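Working notes, beginning with the structure itself.
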């Protein structure tokens with residue numbers, strides 16, 4: 001259950017990788033140079049034309065310089081997406097008298113056509129609206145709006161982005177295949193997850209993912225390398241434990257604990273004090289027993305977690321080998337074991353964690369025996 005404003009805000013934040021300050025400044029500098037140079041060149045080519053540059057190019061620059069790996073930022077998307085949106089926007093202005101209806105239909109049709117041509121580019125929605133609401137100077141251009149300024153601005157900004165990323169040593173545009181020599185999977189992919197496997201999974205997705213298949217291949221291969229490097233070592237508790245542990249405070253009201261059990265669908269939770277020192281555990285059945293005796297006057301003083309928790313707790317240390325845990329899960333039917341470092345709770349290992357790692361070791365043993 002969420003208790004703080006920070007918890008509420010965290011669920012609203014995207015799960016983005018936070019770039020270093022150097023990378024952030026590089027992205028900003030790229031947008032600065034891209035917009036400045038492309039607008040100056042456009043002004044030089046178009047001369048006194050009032051519409052020598054359009055605002056949606058600012059949104060395109062965010063994608064081109066901040067997230068160039070996105071499928072939405074590729075050259076095909078920038079050029080074709082903006083051109084399609086401009087054509088639809090001009091057409092809707094000419095054939096639909098009501099401006100609100102015109103730009104709404106324009107954006108909707110542009111989305112459908114961009115998705116149908118694999119050219120989705122979010123700033124193109126603003127291009128369509130600009131074609132309808134851009135004013136008399138835009139309307140006088142008619143379908144010339146497609147070529148100048150839309151196509152001219154798009155191509156110039158794109159060329160500058162390609163040059164800038166090349167100077168910075170960044171790959172742009174994205175390659176379609178990791179194996180540049182052939183369309184076959186790489187040797188590592190042949191014995192693990194292959195590109196076709198990724199394609200099959202993506203085809204089952206009902207939502208558009210803002211990550212390219214190429215990037216997925218790279219991430220999976222890098223993750224496999226790390227997993228294989230770890231597999232040759234003896235697993236310790238810190239290797240498989242969950243670090244973001246749902247916990248109770250000894251001072252919590254028992255009803256608060258019940259809400260956590262209900263919301264998290266857990267059977268047992270560790271209990272800590274204000275210094276995150278492990279002081280006990282509380283199981284759901286113990287809360288149920290407390291409810292059964294709630295009407296008993298002898299139990300009227302029990303209203304905090306510390307009053308009904310179990311203080312004797314079996315714990316393990318981060319560097320302890322996981323083989324030490326097997327008797328607890330097998331012989332004593334434990335569901336969870338807390339991991340502590342100098343009495344401080346640092347993680348939790350579940351029966352599912354153990355099953356997963358033991359299954360992995362069995363598979364590796366079977367592979368090596370072939």
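So what is the relative contact order of the chain, in percent, for Cα pairs below 8 Å that sit 6 or more residues apart?
On the way: 429 pairs, mean separation 48.7, N = 370.
So the answer I get is 13 percent.
Here the Gaussian network model covers the chain, with springs between Cα atoms less than 10 Å apart; of 263, 249, 77, 263 fluctuates the most.
Compared with the dominant Cα axis of the chain, that is its longest principal axis, helix 99-116 is turned about 70°.
For a footprinting-style exposure proxy, rank 234, 51, 344 by other Cβ within 10 Å, fewest first.
On the way: 234 8, 51 20, 344 12.
Ranked by crowding around the Cβ, least crowded first: 234, 344, 51.
The helix-only estimate of mean residue ellipticity at 222 nm for the chain, built from DSSP H runs of length n ≥ 4 each weighted as -39500 (n - 2.57), is -16500 deg cm²/dmol after division by the residue total.
For the pair residue 226 and residue 151, what calculated FRET efficiency results from E = 1/(1 + (r/R0)^6), where r is the Cβ-Cβ distance and R0 = 30 Å, to the nearest 0.05?
Details: r = 44 Å, r/R0 = 1.48.
Result of the calculation: an efficiency of 0.10.
Evaluate the distance, in nm, between pseudo-label points positioned 7 Å from the Cα of residue 11 and of residue 45 along their respective Cα→Cβ axes. Taking the simple label geometry, residue 11 and residue 45 are separated by 4.9 nm. The GNM of the chain, with springs linking C-alpha atoms under 10 angstrom apart, assigns the highest mean-square fluctuation among 267, 348, 241 to 267. Calculate how steeply helix 56-66 sits against the longest principal axis of the alpha-carbon atoms of the chain, using the helix alpha-carbon long axis, and give the answer as 0 to 90 degrees to the nearest 10. Value to nearest ten degrees: 50. With respect to the chain, whose longest principal axis is taken over its alpha-carbon atoms, helix 123-133 is tilted by about 50°. Per-residue Cβ neighbour counts within 10 Å put 286, 331 in the sequence 331, 286, beginning with the fewest. For segment 21-167, rounded, prolate or oblate, judged on the Cα gyration tensor with a ≥ b ≥ c (square roots of eigenvalues), a/c < 1.5 rounded, else prolate if a/b > b/c? Verdict is oblate for segment 21-167. Springs join every pair of Cα atoms under 10 Å in this Gaussian network model of the chain, and among 34, 134, 89 the largest mean-square fluctuation is at 134.
Model label sites at residue 136 and residue 21, defined 7 Å from Cα along the beta-carbon direction, differ in position by 5.0 nm.
FYI, it's all coordinate maths here, none of it is from the lab. Bear in mind the structure is a predicted one, so any value in this text is a computation, not a measurement. Here Cβ is always computed from backbone atoms with ideal geometry, including for glycine, and neighbour counts include all displayed protein chains.
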